[in-house]
Amino acid sequence: MMTLKYAVLGAGGMGTQYGVLLQELAGAQVDFIDTWTPNVEKVREQGGFYISQDGQDRHLVRTNIFTPENYTGDPDVWIIFVKQMQLDDFLTRAAPLFKDHQVVFSAMNGYGHFEKINRYFAKDRIIGGTALIGAGVYGPGDINFTGDKNAKAMNMCLFDEAAGVTTTEQQIFDDFTRATLHPTIVDNFWGMCMAKIVFNSVLNTLCTMYQIRFGEFIADEGAVPMAEQLIDEAYSAAERAGRKLLGTRESELATIVNIARNLHPLHYPSMYQDLTKGRPTEVDYINGYIAQIGREGGYRAKTHEFLTREVHLAERAFKIHHPEFVD
């Protein structure tokens, strides 16, 4: 069975997890490309990434890592996991590496990255995804995966929905399946993306504001009512804008509860990891995006507007109390 060659742009928690699992379980050739110099230098020094599973069994996985400027490979598939705010610069630096025969897959948080990727690749060469998969970064070259192999789930859909399922998309699906990423191919691109944004607008945002794990959030008696309020407002915003999400309000809530309570209770979201390292969060691409969709349909998503401002206040407050992170 043919296995594609992959190159991962962005060797953080999620990019590393995808790449390592493809290499270790699917037998794929995988290269990593990153622009975070301490990460590149540490991985080269170690000969790979140190990987832990839920904080246990830390071991070295040997990998190759490059900067965009010193990479000379020609992968079949680019996998992109870069923070929204860093994507423009990363794509500009990697642009000389892009070729017409290549395909791009990305399951980044938020919305807006596919239009940026579309500047370099045709719509029928872009596969979008959403991932209910946990990972965290302890430091350069030191990654923690959360949730066992049965806790992972993801959706994927061609950016150009009219093209249907392509041969390459099916090959990627098969490789992802062998890598225990548990993919599902769907046919509603925007609805797929928006369903994950709604998920993140609850767990990522609220856990970040209060600096707690998923399990600690869902154990609170107010967690479900808060989730219901945010979900209802997001679905109302989409409906008023004439757009359809995957699933229903009820299925979205059930997913959030199951992930937080049963599958990833120990997980800190990536937004929390950004906040506590003094980096800007992606809240504008999550709660802020939901508020934007509401405005398109003449609907005001007040709670999501409020939370967007709250997270930005938390960013400023963190830097006030941790001046070592101030530029």
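Taken together, the values in this text are just the output of simple stated rules run on the coordinates, not laboratory data. All figures in this text were calculated on a predicted structure; none of them were measured in a lab. Positions of Cβ are backbone-derived with ideal geometry, glycine not excepted, and every protein chain shown enters the neighbour counts.
For first residues located in segment 104-116 and under 8 Å from residue 285 (Cα atoms), partners that are of a type in the set (A, V, I, L, M, F, W, C) and lie 6+ apart or on another chain with Cβ distances below 6 Å form the pairs 110/286; 111/193.
Would you check if there is a residue in segment 43-56 being buried (at least 23 other Cβ atoms within 10 Å of the Cβ), in contact with a Phe, Trp or Tyr (Cβ under 7 Å, 6 or more places away or on another chain) and part of a helix (DSSP H, G or I)? Within segment 43-56 (the criterion being buried (at least 23 other Cβ atoms within 10 Å of the Cβ), in contact with a Phe, Trp or Tyr (Cβ under 7 Å, 6 or more places away or on another chain) and part of a helix (DSSP H, G or I)), the answer is yes, since at least one residue qualifies. Scanning segment 135-164 for residues that are in a loop (DSSP other than H, G, I, E, B), touching a helix residue (DSSP H, G or I) at 6+ places or on another chain (Cβ under 8 Å) and under 29 Å from residue 118 (Cβ atoms) gives 159, 160.
Taken over segment 250-291, the residue count meeting the criterion of being closer than 21 Å to residue 13 by Cβ and among the small types (Gly, Ala, Ser) is 3. Kindly indicate whether residue 65 is in a strand (DSSP E or B), closer than 25 Å to residue 144 by Cα and in contact with a Lys or Arg (Cβ under 8 Å, 6 or more places away or on another chain). So residue 65 passes the test. Remark: pairs (first residue in segment 164-182, on the phi < 0 side of the Ramachandran plot and crowded, with 23+ Cβ neighbours inside 10 Å; second residue of a type in the set (Ser, Thr, Tyr) and in a helix (DSSP H, G or I); Cβ separation under 8 Å; 6+ apart in sequence or on different chains) = 179/18; 181/18.
For (1) on the phi > 0 side of the Ramachandran plot; (2) assigned to a helix (DSSP H, G or I); (3) free of Cβ contacts under 8 Å to residues at least 60 places away in the same chain; (4) not aromatic (Phe, Trp, Tyr), each residue gets a yes or a no:
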{"residue": "194", "(1), (2), (3), (4)": "no, yes, no, yes"}
{"residue": "202", "(1), (2), (3), (4)": "no, yes, yes, yes"}
{"residue": "224", "(1), (2), (3), (4)": "no, yes, yes, yes"}
{"residue": "228", "(1), (2), (3), (4)": "no, yes, yes, yes"}
{"residue": "238", "(1), (2), (3), (4)": "no, yes, yes, yes"}
{"residue": "254", "(1), (2), (3), (4)": "no, yes, yes, yes"}
{"residue": "266", "(1), (2), (3), (4)": "no, no, no, yes"}
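On the basis of being of a type outside the set (Asp, Glu) and either farther than 14 Å from residue 143 by Cα or surrounded by fewer than 18 Cβ atoms within 10 Å (Cβ to Cβ) (or both), does residue 17 make the cut? Considered against the rule, which asks whether it is of a type outside the set (Asp, Glu) and either farther than 14 Å from residue 143 by Cα or surrounded by fewer than 18 Cβ atoms within 10 Å (Cβ to Cβ) (or both), residue 17 comes out as no. Would you say residue 272 is of a type in the set (Phe, Trp, Tyr), free of Cβ contacts under 8 Å to residues at least 24 places away in the same chain and within 30 Å of residue 319 (Cα to Cα)? The answer is no for residue 272.
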